[in-house]
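In what follows, a single structure is set out as structure tokens and then discussed.
The values are calculated or read from the model by the stated rules, or taken from the named source; none is laboratory data. Everything numeric here is computed off the predicted structure, so don't read it as measured data. No Cβ is skipped: glycine too gets one built from the backbone with ideal geometry, and neighbour counts run over all protein chains shown. We work out accessible area using only protein heavy atoms, side chains counted, and drop any ligands, DNA or RNA first. Shrake-Rupley method; radii C 1.70, N 1.55, O 1.52, S 1.80 Å.
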Amino acid sequence: MKILIVGLGLIGGSMARALKYFTEHTVVGFDTSREAMRKALLVGACDKVCDTLPELSDFDSIICAAYPAATVELLEQHAAEIKKGALVCDLGGTKRRVCDVGFAAAEKYGFSFFGGHPMAGTQFSGFEASRESLYKNATMLLMPPKDVDVRCLDDAVKLFKSVGFSSVRVTNADDHDRIVAYTSQLAHILSNAYVKSPTAREHRGYSAGSFRDLTRVAHLNAHMWSELFMENRDYLIPEVEQLAASLLEYSEAMKAGDADKLEKLLADGSRINDEIKEEI
């Protein structure tokens, strides 16, 4: 199969590397960064790279690992050029808008579109952070259209399992955006805000695992994450406000000198955490 990867950052670069490492597919890369394409070609992550968007009708599959807005733009402007029967999937962090556009374009022009989100990553970005093992034993979330052809879904599952995913979970775009607002986006906001305390600069010699865990994702691609947060703000804002309200409960208990209340808050959080882990 001939596959085009649009976007050669951490996610797209790792997909290209994994496809070349684990499969026999031909991989062509396209990115607005010439440096990313040069590196991808140099390390063998792509068989070929293109300075401009190549002829889309040449590809059996197109994987869009660009920002959601860029993927929407590509679909709106170039969907008519995609080969009939081709498998098209995006790997962006929000799904509702891109799936609405993708499903409509696929129905109109005769290709298959799936929303996708690999549950894998690091705090680093760019092709230099990519690796062929990024998806090993990870979960791939797929959002197919409601009237999905089972054979097309099977083809998509086989493709992603071939690069290391241990499971592929089928969901819908709305549930994805609602849950990821909490499991991923809120965690990045919390970590990014946490390091803004002046005390953070004095941590050396006073910090261990807790500090490392809470600050791991404070380092982020601000342009990308701001786009994701704004795209998903209707779900993300309530999560931020819920977290802020919960934090204030701890502060108010301490201000009041209410040790019993504070202990209850801590015990409740510990109990809920244990319940969540039992469900995993």
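Within the stretch 178-272, list the trypsin sites (Lys or Arg not before Pro) lying in a DSSP loop whose Cβ has at most 14 other Cβ atoms in a 10 Å radius.
K196, R204, R216
Between R169 and Y194, with labels modelled 7 Å along Cα→Cβ, what's the label distance in nm to one decimal, could you check?
Simple spin-label model gives 2.2 nm for this pair.
Apply the Kirkwood formula to the stretch 104-185: the hydrodynamic radius equals the inverse of the mean of 1/r over all pairs of different alpha-carbon atoms; give it in Å with one decimal.
For the stretch 104-185, the Kirkwood estimate is 14.1 Å.
If you take the Cα Rg of the stretch 29-158 and divide it by 2.2 N^0.38 Å, with N the number of residues, what do you get?
So the Cα radius of gyration is 1.05 times the expected 2.2 N^0.38 Å.
Taking the Cβ-Cβ separation of R38 and D234 as r and a Förster radius of 30 Å, what is the calculated FRET efficiency to the nearest 0.05? Please list the in-between numbers first.
Numbers: r = 39 Å, r/R0 = 1.32.
FRET efficiency, R38 to D234: 0.15.
Enter the mean projected area of the convex hull around the alpha-carbon atoms of the chain, in nm², rounded to one decimal.
Averaged projected hull area, Cα only: 16.8 nm².
Please report the antiparallel percentage of DSSP beta bridges with both residues in the chain, rounded to the nearest 5.
If I count the DSSP bridges inside the chain, around 15 percent turn out antiparallel.
Rule-of-thumb check for the stretch 199-241: C-alpha Rg over 2.2 N^0.38 Å?
1.55
Which value in nm describes the separation of the simple spin-label points at D51 and A129, placed 7 Å from the Cα toward the beta carbon?
About 2.9 nm, to one decimal.
Starting from the Cα-Cα distance between D260 and K277, subtract it from 0.36 nm times their residue separation and give me the gain in nm to one decimal.
Here the answer is 3.5 nm.
Let's test this: bin the Cα-Cα distances of the stretch 15-73 at 10 Å from zero up to the farthest pair and state each bin's percent.
Reading upward from the zero bin: 21, 55, 23, 0.
For the stretch 52-161, give the share of DSSP beta bridges that are antiparallel, in percent and rounded to the nearest 5; count only bridges with both residues there.
So the antiparallel bridges in the stretch 52-161 amount to around 40 percent.
Which entries in K20/K277; K48/K84; K20/K84; K196/K261 show an alpha-carbon gap greater than 31 Å?
K20/K277
Please state, rounded to one decimal and in Å, the Kirkwood hydrodynamic radius that the stretch 1-101 gives when every pair of distinct Cα atoms enters the mean of 1/r.
13.4 Å
Obtain the radius of gyration and the Kirkwood radius of the stretch 86-140 from its C-alpha atoms and give Rg over Rh.
The Rg/Rh ratio comes out at 1.06.
Can you tell me which of Y250, Y182, Y109 moves the most in a GNM of the chain? Springs connect C-alpha atoms under 10 Å apart.
Ranking Y250, Y182, Y109 by mean-square fluctuation puts Y250 first.
Please report the base-10 log of the normalised intensity I(q)/I(0) for the stretch 57-107, using a Debye sum with one equal scatterer per alpha carbon and no solvent, at each q in 0.18, 0.26, 0.28 (1/Å).
For the requested q values the scattering log ratios are -0.49, -1.04, -1.20.
Along the Cα→Cβ direction, 7 angstrom out, place labels at S246 and Y182. What is the inter-label distance in nm?
Each label point is offset 7 Å from its Cα along the Cβ direction, giving 0.8 nm.
Let me see the pair-distance distribution of the stretch 40-83: every alpha carbon pair, 5 Å bin width, integer percents in order.
Calculated over all Cα pairs of the stretch 40-83, the distribution is 5, 18, 25, 27, 16, 8, 1 percent.
From the backbone phi of the stretch 21-36, what are the Karplus-calculated ³J(HN,Hα) couplings (6.51 cos²θ - 1.76 cosθ + 1.60, θ = phi - 60°) in whole Hz, Gly and Pro given as x?
7, 9, 10, 9, 5, 8, 10, 10, x, 9, 8, 6, 8, 5, 5, 4
Calculate, in whole percent, how much of the Cα-Cα pair population of the stretch 208-280 lies beyond 15 Å.
The calculated P(r) of the stretch 208-280 puts 74 percent of pairs beyond 15 Å.
For the stretch 91-227, with equal point scatterers placed on the C-alpha atoms only and solvent neglected, what are the log10 I(q)/I(0) values from the Debye formula at q = 0.10, 0.17, 0.18 1/Å, to two decimals?
-0.44, -1.03, -1.11
Determine the sum of side-chain charges near L141: Lys and Arg each +1, Asp and Glu each -1, restricted to other residues whose C-beta is under 15 angstrom from that of L141. Provide the component values of the computation, followed by the final result.
Numbers: positive: K95, R96, K161, R169, R178; negative: D90, D174, D175, D177.
Spelling it out: positives minus negatives among the neighbours equals +1.
Hey, any idea what % of the stretch 116-269's accessible area is carbon plus sulfur with a 1.4 Å probe?
That share works out to 54 percent.
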